[in-house]
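In what follows, a structure is listed as structure tokens, so that the remarks can point back to it.
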Amino acid sequence: MTPHNHAKPGDYAEAVLMPGDPLRAKWIAENFLDDARQVNSVRNCLGFTGSFKGKPVSVQASGMGQPSLSIYAHELINSYGVKTLIRVGTCGGLNAKVKVRDLVLAQAASTDSTLVRGRFGPYNFAPIADFGLLRAAVEKAEAAGLPWHAGNMLSSDVFYHENGFEGYDRLPQHGVIGVEMEAAALYTLAARFGVKALTICTMTDCLITGAEIDADARQTSLRDMVSLALEVAIEA
Ligand code: HPA
């Protein structure tokens, strides 16, 4: 039990998928896991444990943004013994070569968040994905014929930027390919506690071209992304 999670010790598998949306966690549990049972409902930030291809796996919603994800990830690691955390979500595109529906594997995550910047004094820490998880995701995406890009993600604390795209210019100039709101804090916590983490996103809206995903494609892409994440999770 924690302030944000009433699951008992042992209720979570060692590998956990983390979507932002609690209803997406439920959808994953209902559509992909066998024998799924709900293990957390505090604040409706739902968590489930079941199995995928006979291997135990859990899914726990993170909520939106780095402070929210940090609470759930911290407690999964330190109170429930979770060893592998795979965020599954959506991102905005910052490079015209990344098309809507493409998978963006966050090899690294830049950020404007003080959650990362505040920790290291004069140093700029580079939050990175676990290499083994990243390699497995790339291999499986290739094998499944899914379009993927691995690169630097921006994890921003801000969704509605005051000057629109303006403030982001330097990041795409330096090879940042997508923007979401959680990966950098996840990677920093995983590094701090010696566990493995990866972020896999579907690109849903390109900030460069204005292209947006339609509802049908969103559903298909989310299915592909979740299947891929589960395949990676059970081998981690
Ligand atoms: N910004 C932040 N997070 C996102 C975006 C975005 O444009 N699109 C999908 N997730």
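Run down the lysines and flag those whose C-alpha is under 20 Å from the C-alpha of Lys99, throwing out any fewer than 8 positions away in its chain. Candidates past the 8-residue exclusion: Lys140.
Straight Cα distances below 15 angstrom link Lys83 to the aspartates and glutamates Asp11, Glu14, Glu75, Asp130, Glu235, with same-chain residues fewer than 8 positions distant left out. Compute the signed sum of charges (Lys and Arg +1, Asp and Glu -1) over the other residues within less than 9 Å, Cβ to Cβ, of Phe48. Neighbour charge sum, excluding Phe48 itself: +1. Computed over the range 85-236, the quotient of the alpha carbon radius of gyration and 2.2 N^0.38 Å is 1.00.
Counting every alpha-carbon pair across the range 16-88, the share separated by more than 22 Å comes to 11%. Across the chain, the longest piece that holds none of the trypsin sites (Lys or Arg not before Pro) lying in DSSP loops with up to 12 other C-beta atoms within 10 Å covers 120-236.
Considering all different alpha carbon pairs of the range 64-108, the Kirkwood hydrodynamic radius works out to 12.8 Å.
To the nearest 10 degrees, how steep is helix 22-32 against the longest Cα principal axis of the chain, on a 0 to 90 scale? The answer is roughly 70 degrees. Modelled label positions at Arg218 and Ala143, each set 7 Å beyond Cα in the direction of Cβ, lie 3.1 nm from each other.
Among the GluC sites (Glu not before Pro) in the range 108-177, those located in a DSSP loop and surrounded by at most 15 other Cβ atoms within 10 Å of their own Cβ are Glu162.
Isolated cysteines in the chain, defined as those with no second cysteine Cβ under 4.7 Å, comprise Cys45, Cys206. Looking at the square roots a ≥ b ≥ c of the eigenvalues of the Cα gyration tensor of the range 49-166, which shape do they give, rounded for a/c under 1.5, prolate if a/b is larger than b/c, or oblate? Oblate shape, in that a/c is at least 1.5 and b/c is the bigger or equal ratio. Under the criterion of Cα pairs below 8 Å and six or more residues apart, the relative contact order for the chain equals 26 percent. Only the Cβ atoms of Lys and Arg (+1) and of Asp and Glu (-1) were treated as charged; on that basis the dipole of the chain about its Cα centre amounts to roughly 540 debye.
Coordinate-derived values only; no laboratory data. What you are looking at is a predicted structure, and each value in this text was computed from that prediction instead of being measured. Glycine also receives a Cβ, built like all others from the backbone with ideal geometry; neighbour counts cover every protein chain displayed.
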